[in-house]
Amino acid sequence: MGKIVIPRPPNAVVAQESACSDVLPFTYNISAFRGRNFEERGLLLHYTPPQEAGAAPKQRPPSDSYLSITYPFTSNELLRDQYQRFSSPFLRVGLLLEDMDSFAADVATRHLGGLPPGYTVVTATVDKVAFATAPAERSAANRARRASKRLLTGTEPAGDEVSLLYELAEEQLQRQIAQREEHEALSWAASASTAGRPPQLPGQPAALGPVPMSCSSQSHLAIMHRQDRNNAGSIFGGHLLRLAAELAYSTAVLHAGRHCEAVAMGDVAFKQPVPIGCVLEMRAKVVYTAGALMRVTVVATKHQQLMEQRSASELQSSVTNDFTFVLAAVGSAPLRPVEPESLREALQYLAAHRQHTSDGYSAPALLLRDGMEHVLLAGEGAAAH
């Protein structure tokens, strides 16, 4: 599939400071909650003015919900300092994921023509975010993923500029169907008599001695504070994406023994809201390696005490999110493969291998190279009946 480019509509205008809070109801409020003033960071916002009042159209063109934010990292020292990773010229991927999540909610809200009282927009799933090596490729890929993330069912294309987005949505549906069929096909492993060793996969070269998959496991506990809330009063989905991305990075580094770069994120499911005040536990592990690439899964579990159980000594625990990340270890040395030790891990290993093969990942991504002028987020909603 080729690049997806979201052109700036001819009627798009630059937002004045006084209009930013109305145009970006999620990004503006969440930035304020987190102490990152939108205006001080020098962000440039483009949007399309709302149409004249009247009856709601049966089909709204994507350009009506167009938004773009330009991040001037080269010229704004405060902004660069907030997003800089370590002392390198690269960006913190987790912070970008935070911004992309709230930005997608703003696009969805504009597509809906605003939210009725008592309603909000939340993230349900993220199919895939690919981090390209070239700035132009990265911009196109990220814009496509964010725009397609909130496609509504039962919609039709409203022009050539969105036809590729619907192609992407159809591919996502077919991939989900294939994944379900694959999971059923792997049930044969239940009757296999193995000692926890991964199957011999064709075309996989011999590498360093394997290590138990469980040895790559890492965990992180965090208290969920109200400063990380969304407009609905629960924890902002972008915050969860950042926590998962940074745990996946740490897990990959410890397994590889060297620096790693993000290649892609996908198969993200938001199963339950995460309330303020709960303890969130994230567990990550490497489930597959191929050359210098590895797949890391992260599972988030909330632990909370219900109001009617304040005198009880036990907490209620439930899984809230699943994440999958692909990372690449810098350098050409192959990684030590992981070895499943249980049926569950064997299924994860086989599914990861097949998904990795079908995805066809290439070289690792490097974000914010020297001389890169800015990062652009742009998106449109799909046309709805």
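FYI, it's all coordinate maths here, none of it is from the lab. Computed from a prediction, not measured in an experiment: that's the story for all the values here. Glycine gets a Cβ as well: all are built from the backbone with ideal geometry, and neighbour counts include every protein chain shown.
Things to note:
- Model label zone, Lys271; criterion: amide N under 16 Å from point 7 Å along Cα-to-beta-carbon; scope the range 312-345: 316-324, 344-345
- Approximating the spin labels as points 7 Å out from Cα along Cα→Cβ, the Val299-to-Ala19 distance works out to 4.8 nm.
- Computed label-point distance, nm, for sites Leu254 and Glu314 using a 7 Å Cα→Cβ extension: 2.9
- Potential extension, Asn76-Arg283 segment - 0.36 nm per residue separation minus Cα distance: 70.9 nm
- Test item: Cα-centred dipole of the range 205-335, Lys/Arg +1 and Asp/Glu -1 on Cβ, debye: 80
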